[in-house]
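Report on the following structure.
The values are calculated or read from the model by the stated rules, or taken from the named source; none is laboratory data. Remember, predicted model here, so these are calculated numbers, not experimental data. Neighbour counts run over all protein chains shown; Cβ positions are idealised from the backbone, glycine included. SASA here: full protein model, heavy atoms, side chains in, ligands and nucleic acids out. Shrake-Rupley method; radii C 1.70, N 1.55, O 1.52, S 1.80 Å.
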Amino acid sequence: QIGLLDFVLFKENPEFYASYAMMNEKTHALYTEKMKIKVMELGQSGLATEEDRKWKLDKWAQFFKAENWEGIKMLVKELPVLGEAAETICKITADEQIRRQCMMRDEAMRRARTTQRFMEMQEREIKEQSRQIARQSQQLDQQSQQLDQQSQQLDQQSQQLAQKDQQIEGLARELAAMKAFLEAQGIDIKQMV
């Protein structure tokens, strides 16, 4: 793989052109010579080594960083091998249908990423709301249990009051009967008090 980067990959150790291979982390034995990752940091061409310049990698970096066709044409004059790449870029950008397809693909990918982020955000919000609903449901269950307990207590108190009312009515009847008995005996209750 060849990566053309328009940013610094390792800020603590910037490098124009680097080659990375896969190796065993413990023994540092190389996995294979056939698979490597080559990275060219386009903005670091000032760090190009003599070997990089020998292979004209700095010119390739200038080619990919060129902002207009005039810059590309000047580089092609210096390094004719860039002409084929320039023609390919020219054909691709000149073909309106391909450019439109690329733009549509880019827009579709951008929308898909936006939709994905929106859906992830909605999913997080739904999970948070679900947690809140679960907490509120627990609180309502607790309150319902408390209300049931209070209702039971009120029922017990109501039964106790009914019993006391019956006792008071019984005592009132007994008192009325005693009063009637005493009056029948000719005893004046007012003098007794």
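At q = 0.09, 0.18 Å⁻¹, work out log10 I(q)/I(0) for the chain with the Debye formula, treating every Cα as an identical point scatterer and leaving solvent out; two decimals please.
Results for the chain at q = 0.09, 0.18 Å⁻¹ read -0.73, -1.26.
Provide the net charge surrounding Arg111, with neighbours chosen by a C-beta distance below 14 Å and charges set as Lys +1, Arg +1, Asp -1, Glu -1.
+2
Just to confirm, what accessible area per residue do you get for the range 1-108 at 1.4 Å probe, in whole Å²?
Here the per-residue accessible area is 78 Å².
Residue by residue through the range 115-127, what is 3J(HN,Hα) from phi via Karplus (6.51 cos²θ - 1.76 cosθ + 1.60, θ = phi - 60°)? Round to whole Hz and write x for glycine and proline.
Residue by residue, the range 115-127 yields 4, 4, 4, 5, 5, 5, 5, 4, 4, 4, 5, 5, 4 Hz.
Report the normalised scattering of the range 100-193 as log10 I(q)/I(0) at q = 0.15 Å⁻¹, calculated by the Debye formula with identical scatterers on the alpha carbons.
At q = 0.15 Å⁻¹ the computed log10 ratios are -0.85.
Quick check: net charge around Asp6, other residues with Cβ under 9 Å of its Cβ, Lys/Arg +1 and Asp/Glu -1?
Charge balance in the 9 Å sphere: 0.
How much accessible area per residue does the range 140-189 have, counting only protein heavy atoms and a probe of 1.4 Å, in square angstrom?
Computed with neighbouring chains in place, this is 93 Å² per residue.
For a test of the definition: using alpha carbon positions, the gyration tensor, and the 1.5 limit on a/c, classify the range 109-148 as rounded, prolate or oblate.
In terms of gyration-tensor shape, prolate.
In sequence order, what are the phi-derived ³J(HN,Hα) couplings for the range 21-32 according to the Karplus relation 6.51 cos²θ - 1.76 cosθ + 1.60 with θ = phi - 60°, rounded to whole Hz, with x for glycine and proline?
10, 8, 9, 5, 5, 7, 9, 6, 6, 5, 5, 7
With both bridge residues required to lie in the chain, what share of the DSSP beta bridges run antiparallel, to the nearest 5%?
Expressed as a percentage, antiparallel bridges in the chain total about 60.
Which of rounded, prolate, oblate describes the range 1-113, given a ≥ b ≥ c as roots of the alpha-carbon gyration tensor eigenvalues and a/c under 1.5 marking rounded, otherwise prolate only if a/b is larger than b/c?
Oblate, since a/c reaches 1.5 and b/c is not below a/b.
Would you list which lysines come within 30 Å of Lys38, measuring only between C-alpha atoms, while excluding same-chain residues fewer than 8 positions from it?
Lys11, Lys26, Lys54, Lys56, Lys59, Lys65, Lys73, Lys77, Lys91
Starting from the range 1-51, pick out the trypsin sites (Lys or Arg not before Pro) whose DSSP state is loop and whose Cβ has at most 10 other Cβ atoms within 10 Å.
Filter output for the range 1-51: Lys11, Lys26, Lys34.
Normalised radius of gyration for the range 68-110, please: alpha carbon Rg relative to 2.2 N^0.38 Å, two decimal places.
1.45
Rounded to the nearest percent, how much of the accessible area of the chain (1.4 Å probe, protein heavy atoms only) is carbon and sulfur?
54
Give me, ordered by chain and number, the residues 5 or more places off Lys38 or on other chains with an amide H under 5 Å from its own placed amide H.
Under 5 Å from the amide H of Lys38 lie the amide H atoms of Ile2, Gly3, Tyr20, each far enough along the sequence or on another chain.
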